[in-house]
Amino acid sequence: MDLLNNIVSQINDIFWSYILIILLIAAGIIFSIRTRFVQIRMLREMIHLLTEGVGTKTEGQQISSFQAFCVSTASRVGVGNIAGIAIAVVLGGPGAIFWMWVIALLGASSGFIESTLAQIYKIPRSDDKGYLGGPAFYIKNALHSPKAAIFFAIIISITYGLIFNSVQSNTISLSLQTAFGFDATIIGIVVAIISAIVIFGGLKRIAHVSEYLVPFMAGLYLLVALFITIYNITELPHILAVIFENAWGINSVAGGTFGAAIMTGIKRGLFSNEAGMGSVPNAAATAEVSHPVKQGLIQSFGVFVDTFLICSASAFIVLLSTDYQSTGLTGIQLVQYDLSLYFGDIAVSAVAILIILFAFTSIVGNYYYGEINIKHLSDNPLYLNIFRVFVTLMVFFGSVAELSLVWNLADLFMALMATTNIIAILLLSKFAIIALKDYEKQKKMGIKEPIFKASILPKQDGIFWWKDNK
């Protein structure tokens, strides 16, 4: 088992250090240039669209743009946004945060392209109650590569629905054991039951749970970070200076080398915001919108929420403590230590509760991606219910197991998934860019609610929903 773990770990190092990072950065640069930096130009429109969708009522199993945003945020905003950032600062120094911001800025354009494509090539559900879509659908229907689509659907279902969920439940278990001394088996049973209640309720229930939990948990964490920042407001200019100096190797005393800052920041950014990975489009496709670009913009904004808000909040909590190098701590233990400086021993329990919220919403969001891709493989409800049972079992397994090999396998599967998706969206990006130009043209004409028609695209094959009479 140790040998297998080492082999998988070495393969991951090659993938993540060279192939995938180059692909994702290159794609981010290409998409930024071709969209004329849509992620910056249309930031105001993103915020408008997101706030417009809050509280929107939908019928049956349909999902609003805001609910789809919350589901995708639930998946990518997880424990890594707290523990992972603390690890990044310790390993790469404060400069890693700067490069995390850079990769998020570039990645937001990839997020726009993949989510817009997911909307263009979404299909109505067989029961006419909502939509399904994502990389498996545009790879099959637009690129006409059914084998690659099946490969992607299987990989993402295993990675998110099973492996990542076992990791999240493991985090919940460790947090409750550390904070309250609860038994791991009891924790596993309870978390598995609650997860089953949500996931067996279908996509609509998942969307409702995410719609309420995600803003609450993210808002609570940001308030804590804001309090600490205001409390240390006089130190903030110094911290920002340290981040920028260390990013370019000017201030090596701050911890981490120039190379370590770049690599750690890039990896942390890619892992965290998932832009270009092919996961977020699965949620983006299910939203009810009048134009694909709307959801593309909303999901692009999700990259900013993840990195510039949640991850930066964690970074400031760690950096403002000023002694992160001398404590000998890292990960979640470092964050708990830093928060205890301000809130006392109650911080350990509070962080544990916050981690439960982050991890549970990730379980829900991860399953969501799996369900969509299981439906791509087969409409037979038996297979979906079997998948739900396996998800529930993996949630229990994760609560009581050691997961180093599982983590390495997840990284490998995610690299394969991301590589497949990046190649696909590079080939199909011209259609998303045409849709963007159409959206901007309608907005300039004074049309408040742009309507998308498939006839604006040079090719309509693979488009099942956006007919001109819809």
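The values are calculated or read from the model by the stated rules, or taken from the named source; none is laboratory data. All of these numbers come straight from a predicted model, not from anything done at the bench. When we count neighbours, we look across all protein chains shown, and the Cβ atoms used for this are built from the backbone with ideal geometry, even at glycine. Ligands, DNA and RNA are stripped out before the accessible areas are found, and what is left, the full protein with its side chains, is counted by its heavy atoms. Shrake-Rupley method; radii C 1.70, N 1.55, O 1.52, S 1.80 Å.
Quick check on the stretch 220-230. Is at least one of its residues over 26 Å from the mean Cα position of the chain (by Cα), loosely packed, with under 14 Cβ neighbours inside 10 Å and at pLDDT 85 or above? Write out each step before concluding.
As a first pass, look at the stretch 220-230 and keep what is over 26 Å from the mean Cα position of the chain (by Cα): 230.
Among the residues that remain, those that are also loosely packed, with under 14 Cβ neighbours inside 10 Å are: 230.
Filter once more, keeping what is at pLDDT 85 or above: 230.
Within the stretch 220-230 (the criterion being over 26 Å from the mean Cα position of the chain (by Cα), loosely packed, with under 14 Cβ neighbours inside 10 Å and at pLDDT 85 or above), the answer is yes, since at least one residue qualifies.
Mind telling me which of the residues A149, A184, A179 ends up being among the aliphatic types (A, V, I, L, M) and at pLDDT 85 or above?
On the way: A184 fails: at pLDDT 85 or above; A179 fails: at pLDDT 85 or above.
Testing whether each residue is among the aliphatic types (A, V, I, L, M) and at pLDDT 85 or above leaves just A149.
Can you confirm whether the stretch 31-46 contains a residue that is in a loop (DSSP other than H, G, I, E, B), in contact with a Lys or Arg (Cβ under 6 Å, 6 or more places away or on another chain) and either at pLDDT 75 or above or surrounded by fewer than 19 Cβ atoms within 10 Å (Cβ to Cβ) (or both)?
The initial filter retains those residues of the stretch 31-46 that are in a loop (DSSP other than H, G, I, E, B), namely 35-37, 42.
Now narrow it down to the ones that are in contact with a Lys or Arg (Cβ under 6 Å, 6 or more places away or on another chain): none.
No; the residues of the stretch 31-46 include none that is in a loop (DSSP other than H, G, I, E, B), in contact with a Lys or Arg (Cβ under 6 Å, 6 or more places away or on another chain) and either at pLDDT 75 or above or surrounded by fewer than 19 Cβ atoms within 10 Å (Cβ to Cβ) (or both).
Of K448, K430, K467, which residue is open to solvent by 60 Å² or more (accessible area, probe 1.4 Å), more than 27 Å from the chain's Cα centre (by Cα), of a type outside the set (A, V, I, L, M, F, W, C) and modelled with pLDDT of 85 or more? Working first, answer last.
Working: K430 fails: more than 27 Å from the chain's Cα centre (by Cα); K467 fails: modelled with pLDDT of 85 or more.
The unique qualifying residue is K448.
Whether any residue in the stretch 292-311 is open to solvent by 10 Å² or more (accessible area, probe 1.4 Å), in contact with a helix residue (DSSP H, G or I) (Cβ under 8 Å, 6 or more places away or on another chain) and either at pLDDT below 85 or farther than 30 Å from L428 by Cα (or both) is what I want to check.
Going residue by residue through the stretch 292-311, those that are open to solvent by 10 Å² or more (accessible area, probe 1.4 Å) are 294, 301, 304-305, 308-309.
Next, only the ones that are in contact with a helix residue (DSSP H, G or I) (Cβ under 8 Å, 6 or more places away or on another chain) stay: 294, 301, 304-305, 308-309.
Going one step further and asking which of them are either at pLDDT below 85 or farther than 30 Å from L428 by Cα (or both), we end up with 309.
Yes, that holds for at least one residue.
Kindly indicate whether A153 is within 21 Å of the chain's Cα centre (by Cα) and either in a loop (DSSP other than H, G, I, E, B) or within 30 Å of N380 (Cα to Cα) (or both).
Working: within 21 Å of the chain's Cα centre (by Cα): yes; either in a loop (DSSP other than H, G, I, E, B) or within 30 Å of N380 (Cα to Cα) (or both): yes.
Considered against the rule, which asks whether it is within 21 Å of the chain's Cα centre (by Cα) and either in a loop (DSSP other than H, G, I, E, B) or within 30 Å of N380 (Cα to Cα) (or both), A153 comes out as yes.
Quick check: anything in the stretch 406-416 more than 18 Å from the chain's Cα centre (by Cα), crowded, with 17+ Cβ neighbours inside 10 Å and either at pLDDT 80 or above or of a type in the set (G, A, S) (or both)? Give the derivation first.
Step one: filter the stretch 406-416 for residues more than 18 Å from the chain's Cα centre (by Cα), giving 406, 408-409.
Cutting the leftovers down to crowded, with 17+ Cβ neighbours inside 10 Å gives us 406, 408-409.
Checking which are either at pLDDT 80 or above or of a type in the set (G, A, S) (or both) leaves us with none.
There is no residue in the stretch 406-416 that is more than 18 Å from the chain's Cα centre (by Cα), crowded, with 17+ Cβ neighbours inside 10 Å and either at pLDDT 80 or above or of a type in the set (G, A, S) (or both).
Condition test on T178, is it in a helix (DSSP H, G or I), among the β-branched types (V, I, T), farther than 30 Å from L427 by Cα and open to solvent by 60 Å² or more (accessible area, probe 1.4 Å)? Let's see the steps before the verdict.
On the way: in a helix (DSSP H, G or I): yes; among the β-branched types (V, I, T): yes; farther than 30 Å from L427 by Cα: yes; open to solvent by 60 Å² or more (accessible area, probe 1.4 Å): yes.
Criteria met by T178.
Answer with yes or no whether T420 is open to solvent by 10 Å² or more (accessible area, probe 1.4 Å), of a type in the set (V, I, T), part of a helix (DSSP H, G or I) and closer than 28 Å to G107 by Cα. Show your work before the answer.
Working: open to solvent by 10 Å² or more (accessible area, probe 1.4 Å): yes; of a type in the set (V, I, T): yes; part of a helix (DSSP H, G or I): yes; closer than 28 Å to G107 by Cα: yes.
When the stated conditions are applied, T420 passes them.
Looking at Y342, Y367, which is the one that is among the hydroxyl-bearing types (S, T, Y) and open to solvent by less than 40 Å² (accessible area, probe 1.4 Å)? Break it down into steps so the answer makes sense when it comes.
Numbers: Y342 fails: open to solvent by less than 40 Å² (accessible area, probe 1.4 Å).
The match here is Y367.
Evaluate the following for P237: is it modelled with pLDDT of 85 or more and open to solvent by less than 10 Å² (accessible area, probe 1.4 Å)? If you could, list the steps in order and put the result at the bottom.
Numbers: modelled with pLDDT of 85 or more: yes; open to solvent by less than 10 Å² (accessible area, probe 1.4 Å): no.
So P237 does not fit the description; no.
Could you list, in sequence order, the residues of the stretch 410-439 that are in contact (Cβ under 8 Å) with a residue 60 or more places away in the chain, closer than 20 Å to L457 by Cα and not polar (S, T, N, Q)?
Answer for the stretch 410-439, where residues must be in contact (Cβ under 8 Å) with a residue 60 or more places away in the chain, closer than 20 Å to L457 by Cα and not polar (S, T, N, Q): A424, I425, L426, L427, L428, F431, A432, I433, A435, L436, D438, Y439.
Determine which member of the set V167, V209 is among the β-branched types (V, I, T), closer than 30 Å to P381 by Cα, modelled with pLDDT under 85 and open to solvent by 30 Å² or more (accessible area, probe 1.4 Å).
Values: V167 fails: open to solvent by 30 Å² or more (accessible area, probe 1.4 Å).
Every option except V209 fails the conditions.
On the basis of being in contact with a helix residue (DSSP H, G or I) (Cβ under 7 Å, 6 or more places away or on another chain) and either modelled with pLDDT of 95 or more or open to solvent by 10 Å² or more (accessible area, probe 1.4 Å) (or both), does Q67 make the cut?
Values: in contact with a helix residue (DSSP H, G or I) (Cβ under 7 Å, 6 or more places away or on another chain): yes; either modelled with pLDDT of 95 or more or open to solvent by 10 Å² or more (accessible area, probe 1.4 Å) (or both): no.
It is false that Q67 is in contact with a helix residue (DSSP H, G or I) (Cβ under 7 Å, 6 or more places away or on another chain) and either modelled with pLDDT of 95 or more or open to solvent by 10 Å² or more (accessible area, probe 1.4 Å) (or both).
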